[in-house]
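Read through the structure below, which is laid out as structure tokens, and then see the notes.
The numbers here are math on the coordinates, done by the rules we state, and not lab data. Treat the numbers as computed from the prediction; the structure is a model and nothing was measured. A quick note on method: Cβ atoms are made from the backbone with ideal geometry, for glycine too, and the neighbour counts reach across all protein chains shown.
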Amino acid sequence: MKKIWIAIAKLGGWKFILPDKGSRPELDRCVFAVAPHTSSADYMVGTAYLWQVSKNGKIFIKKEYFKGPLAPILRHLGCISIDRGNRKNDMVGTAVHEFAKGGPLSIAITPEGTRKPTKRWKRGFWEIAHQAGVPIVPAFLDFSRKEIYLGETIWTTDDQEADILKIRSLFKKEMAKHPENFVEVSDQKAAPQDEVENNQTIKQSSNQ
């Protein structure tokens, strides 16, 4: 099944840029931060790539995808159902517990948590890595070139905000399938200044 999935992705024109064999042993125990996430197609190409770079790759997917005949297929492929709408859902605890068992395990997460534009990434991927003592590896879904590749390994520090900002800044909207649905860090930084300028314009107009 996995080989078929990978073959379909490659037939679709995707190029998987893989590290040299044995050059990055940390990939067998890490959290992949996968972005930009703006379409359902991200899951297909993302999981296909995950299976080629990790010995035991898992991916969290919304529970809605596990309805009907697709459910057993997703479980066979290593997907884990997650209820994003349930605040009591302990995704972090579940993942940390799995890492604590030892052995190869890599979990792919889309930190945006939605395909819609969002200015704030979910913190779960950082919490999992930090509590489990494993690194975060950025995984780039570049639809503009139909390439998937990895960034440098990042170990968490005690500064969550700085770590997440560092990772977010690596991803650009032109990589996304729907660029209008991805909010870059640079866009977010520009927003307050834009707001100030707009307020100044309004004030000047009212004084005329």
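Ordering Leu105, Ala33, Met44 by the projection of their Cα atoms onto the charge dipole of the chain, which places +1 on the Cβ of Lys and Arg and -1 on the Cβ of Asp and Glu, puts Met44 at the extreme positive end.
Computed over the stretch 2-207, relative contact order equals 27 percent, with contacts defined as Cα pairs under 8 Å that lie 6+ residues apart.
The structure shown yields Cα extents along the principal axes in Å, and of the options [x] 69, 40, 39; [y] 51, 34, 30; [z] 60, 39, 36 that calculated value carries the label [x]. Ranked by the mean number of other Cβ atoms within 10 Å per residue, highest first, peptides 1-13, 172-184 order as 172-184, 1-13. Each peptide in 139-146, 95-102, 33-40 receives the mean, over its residues, of other Cβ atoms within 10 Å, and ordering these scores from highest gives 33-40, 139-146, 95-102. Residues His76, His130, ranked from the fewest to the most other C-beta atoms within 10 Å, line up as His76, His130. Residues Leu77, Leu50, ranked from the fewest to the most other C-beta atoms within 10 Å, line up as Leu77, Leu50.
Using only Cα atoms, locate the centre of the stretch 47-108 and the centre of the stretch 118-150, then give the distance between them in Å, rounded to an integer. Between the Cα centres of the stretch 47-108 and the stretch 118-150 lies a distance of 15 Å. Relative to the Cα centre, the charge distribution of the stretch 2-207, modelled as +1 at Lys and Arg Cβ and -1 at Asp and Glu Cβ, gives a dipole magnitude of about 900 debye. Projecting the Cα atoms of Val185, Ile164, Gly124 onto the dipole axis of the chain, where Lys and Arg carry +1 and Asp and Glu carry -1 at the beta carbon, places Gly124 farthest toward the positive end. In plain terms, the residue of Tyr49, Tyr43, Tyr149 with the fewest other Cβ atoms within 10 Å comes first and the most crowded comes last, giving Tyr149, Tyr43, Tyr49.
Once backbone amide H atoms are built at 1.01 Å from N, Phe60 has Ile80, Ala108 as its partners under 5 Å, excluding neighbours fewer than 5 places away on the same chain.
With the alpha-carbon atoms of the stretch 61-166 aligned to their principal axes, the span from lowest to highest coordinate is 41, 38, 28 Å, starting with the largest. Of all beta bridges that DSSP places with both ends in the stretch 2-207, some 20 percent have antiparallel geometry.
Helix 2-11 and the longest principal axis of the C-alpha atoms of the chain enclose an angle of approximately 50°.
If you fit an axis through the alpha-carbon atoms of helix 185-207 and take the longest principal axis of the Cα set of the chain, what angle between them do you get, 0 to 90°, nearest 10? Relative to the chain, helix 185-207 is tipped by roughly 20 degrees.
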